[in-house]
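Encoded as structure tokens, the structure appears first; notes follow it.
The values are calculated or read from the model by the stated rules, or taken from the named source; none is laboratory data. These numbers were taken from a predicted model, which means no experiment stands behind them. With ideal geometry, Cβ positions are generated from the backbone for all residues, glycine too; neighbour counts draw on all protein chains shown. Keep in mind that these areas ignore ligands, DNA and RNA; they rest on the heavy atoms of the full protein, side chains included. Shrake-Rupley method; radii C 1.70, N 1.55, O 1.52, S 1.80 Å.
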Amino acid sequence: MRTDIFARLDREPEPPKIEIPRMSRTRLALFGGTAAFYLAIVVAVLVSSWLVTLDWKVMLFRPYQQWPEVHATLDYFVVLGQRGPTAVMVACWLGWRSWRQHTLRPLLVLGAALLLLNVTVGAVKIGLGRLGPHYATQIGSAELFAGGDIFPSGHTANAVVTWGILSYLATTPRARRHLSALSAVVALGVGLTTVYLGTHWLSDVLLGWAAGLLILLALPWCEPLIARAEAMILGARDRLRAYLRARRRLVPSVPVAAGGPRPAMYPQRGGAAAPVDEEPVAEPEPVGAGAGAEPVGAGAGPSGGSGGGRTASVRATLAQPRPHAVVRSERTPVTPVGSRRPPHARPHDGRLTGN
């Protein structure tokens, strides 16, 4: 058993018992308070209250002109709230966690959170259509329903959700506290950076924080669906493995000599073929067959009479060469033994001619 620090990088022998967060009373109370804050921000912007006035004061203050020395650094820092790069980084970490702990839950939780983020934040952005500070047309106006997509801040909400997933999936209370503090600092910094750069109103950032926190607090309601999805994916993987193993067993393993012909894996069509080297022999017709013909075997024996003459004629007919019925194999022909000339017929006697 390894005791060094790198032992924590090895794969665990079996899936650990991880306590899944539940919708407790504290979490439910936080969810209700965050939802009320979310609605209050939306109403304050809709009625052009003091919050819109504060938005304009911060925008006209132009923080990027007040502190230009940090502009270049914050341009890179704000990438931590961009959806593409942050999703790839966190997905790589959670993918390793999934491999190490023999579970798909970390990746599925990330996918569910990003799906909720795109649906909820995207719907409010399109529905309210607020313009950003750089595209504002009238001082003091909320710039709503003008075809924009700036309210709430997607950078801020994405920073809250993406980095907050790490604390949500932490396996120990100590790791959860540390990751919660880290994700809060990153999300707070990304939101304020967008205000500094002038790409978002202050109210956009406030609503983005609330939107991301609502998604994190609502994740325990998605846990049963995540568990069913994991069971379906793992079951499909096990069935595929069993099918591939069964298919490998059906393929015969026949040893083949080096340079020799490979055996046929499937029978040829048309049934078993006749051997190539055998030549079919046709049944000879009797000589002189006709209405009054006499059978070949009738009459006298081979020493004399009509029977002997007819037998010699049949033998002479069979000895003549005939065309092959089938194609021979590609082999060196065998030299026949003896002469291929047909045997001479015996001299006919007077009885054969009928004289």
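Key figures for this structure:
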item: Local electrostatic count at residue 129 - Lys and Arg +1, Asp and Glu -1, tallied over other residues with Cβ under 10 Å; result: 0
item: Potential extension, residue 233-residue 144 segment - 0.36 nm per residue separation minus Cα distance; result: 27.7 nm
item: Solvent accessible area, Å² - residue 99, 1.4 Å probe, full protein context; result: 120 Å²
item: Residue 79/residue 182 FRET efficiency (R0 25 Å; Cβ-Cβ; nearest 0.05); result: 0.90
item: Chain lengthening between residue 60 and residue 28 when straightened (0.36 nm per residue, less Cα-Cα); result: 7.6 nm
item: Local electrostatic count at residue 52 - Lys and Arg +1, Asp and Glu -1, tallied over other residues with Cβ under 15 Å; result: -1
item: Pairwise centroid distance, computed over Cα atoms, of the stretch 134-170 with the stretch 202-221, Å; result: 10 Å
item: For peptides 177-184, 230-237, sequence by mean Cβ density within 10 Å, most packed first; result: 177-184, 230-237
item: Mean Cβ count within 10 Å, highest first, over the residues of peptides 212-218, 149-155; result: 149-155, 212-218
